[in-house]
Amino acid sequence: MKIRKRLFLTALAAVFAGTMSFSAFAVETTTIEVTYVEPTIEVTVPQTGKAYINPYALPVQVSGGAVTVAGQQIASDPMVIINRSEVDLEVRVEVTGTVTGATPETKMLLVSEKMDSDDTGKKAFVYLQMERFTQGTDTSPENALKNLEAVPITYRASRDVLVLDGKKSTLESTAPMATLLKANSGTPQVGSNAAFRLTGFCSKTPKIAWSAADKITASVAFTFSPPSK
């Protein structure tokens, strides 16, 4: 009986050997190629805009007469940036100001803080403000102005960017000016847009009177990037 059992086990082992074909020492490799994918960021940014020195803060028509701004000594078109990308975008800006006047002696001075009400120097305290849309996606001047109405005109060091003559200015903090929400298949949603403007204060009655020759050019460089995780 013992001999028969051994023969059976030997035969069974031979059957398994015939139906299972593999090697315990086989090595196979997979090669993975990693390449850079260029992100697609699509935004709409206005090429130009206008703002006005308005010492008496009178009502001023802006955006080609589409809307009226009142109570601001620096009155600006309400402008809009639009995120059409499929990803949220943080917005940062760098602003460079340039002042021109009739002569070097009569041109205004851009300052970094609000002047006293009785200051008679020809000075302007100007800064850029931005606010993400909370009301609709309509980018008309009327709706842009409506979204900016929630922003106080007073300067906010952590949120506003100064305009200084011959200098580049950014936010004092590392935070973005705004975070624009991603679009839905290229269509902006509420929060995909942000309105921005120049605003501020100026001397009401300087010793050297304001004239049509007094001008400020503000160059705004935008940087858009997905939020860091």
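Candidates in region 11-45 are the residues that are over 26 Å from GLU90 (Cβ atoms) and acidic (Asp, Glu); of these, the one that is modelled with the highest pLDDT is GLU33. Residues in region 78-94 that are surrounded by fewer than 24 Cβ atoms within 10 Å (Cβ to Cβ), closer than 18 Å to THR139 by Cβ and not aliphatic (A, V, I, L, M): ARG84, SER85. Among what's in region 68-114 and is assigned to a loop (DSSP other than H, G, I, E, B) and among the charged types (D, E, K, R), pick the residue that is farthest from PHE222 (Cα to Cα). By that ranking, first place goes to GLU105. The strands (runs of 3 or more DSSP E) falling completely within region 119-229 that include 2 or more residues that are in contact (Cβ under 8 Å) with a residue 12 or more places away in the chain and farther than 25 Å from GLU86 by Cβ map to 123-132, 193-202, 215-225. The one condition from (1) surrounded by 14 or more Cβ atoms within 10 Å (Cβ to Cβ); (2) farther than 19 Å from GLN72 by Cβ that LYS146 does not meet is (2).
Of all residues assigned to region 40-49, at least one qualifies as being within 28 Å of ALA213 (Cα to Cα) and buried (at least 16 other Cβ atoms within 10 Å of the Cβ).
The values are calculated or read from the model by the stated rules, or taken from the named source; none is laboratory data. Source: prediction; values computed, not measured. FYI the Cβ positions are ideal-geometry reconstructions off the backbone, even for glycines, and counts take in every protein chain you see.
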